[in-house]
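The values are calculated or read from the model by the stated rules, or taken from the named source; none is laboratory data. Computed from a prediction, not measured in an experiment: that's the story for all the values here. Cβ: placed from backbone, ideal geometry, glycine included. Neighbour counts: every protein chain shown. Surface areas here come from the heavy atoms of the whole protein model, side chains and all, with no ligands, DNA or RNA. Shrake-Rupley method; radii C 1.70, N 1.55, O 1.52, S 1.80 Å.
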Amino acid sequence: MTWLLIAIGVLSVFAVAAAFVGTEAFRLGHETPAAIFDLDEAVSVVGDRLADDVQARVTFDEVRQLILATLDHLRSKGITALPGEDMSRNEADVIVRDEDVLAVVLGVVEAQGLGVADSDAAHVIDGLLRHLDEIGALGPPA
């Protein structure tokens with residue numbers, strides 16, 4: 001009789017553990033992993049990938065300002081979040097056009113008095129979006 005109770009106990013523990021592991025494996029398999037963004041890494045990667053003529057005109061501090069302006073715009077659309085901040089889950093997909101991002105960032109460039117040409121800002125934004133795509137922070141193109 002004791003052996004029967006031990007066997008039932010062992011099977012119960014195994015069943016609960018298997019159910020828990022299966023549930024978590026399913027959840028993790030269907031959940032998009034969070035992308036971790038490092039600003040210093042992004043500035044370095046984007047700045048290093050710029051064409052030589054753009055690198056000659058744009059400093060790393062200006063690249064940082066352009067990246068921050070772009071991230072602020074993406075955050076206002078609910079696409080990114082600050083550390084410790086919860087992402088707001090939208091029922092519908094959020095689509096952000098490259099032209100809209102460029103227009104907003106160029107407005108910031110003008111407001112801050114940065115001496116960055118429009119085409120150079122576009123190259124930095126393209127580099128940032130490529131970097132975000134590489135680290136898995138962007139969804140598929142619409």
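Numbers below:
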{"item": "Selection within region 13-53 - surrounded by 10 or more Cβ atoms within 10 Å (Cβ to Cβ) and at pLDDT 90 or above", "result": "Glu41, Ala42, Val43, Ser44, Val45, Val46, Gly47, Asp48, Arg49, Leu50, Ala51, Asp53"}
{"item": "Among (1) in contact (Cβ under 8 Å) with a residue 40 or more places away in the chain; (2) farther than 15 Å from His131 by Cα; (3) among the hydroxyl-bearing types (Ser, Thr, Tyr) - the single one Thr70 does not satisfy", "result": "(2)"}
{"item": "Residue within region 22-37 that is farther than 22 Å from Gly136 by Cβ and either out of contact with any Lys or Arg (no Cβ under 6 Å at 6 or more places or on another chain) or not aliphatic (A, V, I, L, M) (or both) present", "result": "yes"}
{"item": "Residue list for region 63-106, filter: at pLDDT 75 or above, open to solvent by less than 70 Å² (accessible area, probe 1.4 Å) and under 14 Å from the mean Cα position of the chain (by Cα)", "result": "Ile67, Leu68, Thr70, Leu71, His73, Leu74"}
{"item": "Boolean, Glu41 is in contact (Cβ under 8 Å) with a residue 12 or more places away in the chain, closer than 30 Å to Gly107 by Cα and among the acidic types (Asp, Glu)", "result": "no"}
{"item": "Among (1) open to solvent by less than 80 Å² (accessible area, probe 1.4 Å); (2) aliphatic (A, V, I, L, M); (3) closer than 20 Å to His123 by Cβ, the one test that Ala56 misses", "result": "(1)"}
